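S.K.: Before I ask anything, let me first share the structure, which is written out below as structure tokens.
The values are calculated or read from the model by the stated rules, or taken from the named source; none is laboratory data. Given the structure is predicted, the values throughout are model-derived calculations rather than measurements. These area figures cover heavy atoms from the full protein model, side chains too; ligands, DNA and RNA do not enter into them. Shrake-Rupley method; radii C 1.70, N 1.55, O 1.52, S 1.80 Å.
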Amino acid sequence: MAERPTTCWRQGIAEEAAEIAAGTLVPECACMAGLFPEKLLTATDAVLDTFEDQRCRT
């Protein structure tokens, strides 16, 4: 099965958070959380769940 884009987006958010915590990235340069807020990730996963459910039925 292919990896969902939301998985990559969440990994990017976590990586940026770790870099900020380590002091290797200034918060002003972090963009992932702003580009991919949790509401968008949840909605995207819901759409993908529906697509996968319908695809498996056919």
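S.K.: Conditions first: (1) acidic (D, E); (2) open to solvent by 60 Å² or more (accessible area, probe 1.4 Å); (3) assigned to a helix (DSSP H, G or I). E3 passes all but one, so which condition is the exception?
M.R.: Answer for E3: the failing condition is (3).
S.K.: Also, quick follow-up: For residues that are in a helix (DSSP H, G or I) and of a type in the set (V, I, T), scanning just segment 43-58, find the one that is most open to solvent (accessible area, probe 1.4 Å).
M.R.: Going through segment 43-58, the residues in a helix (DSSP H, G or I) turn out to be 43-57.
This time we only want the ones that are of a type in the set (V, I, T), so: 44, 47, 50.
On the way: T44: 34, V47: 97, T50: 72 Å².
Applying the filter and picking the extreme gives V47.
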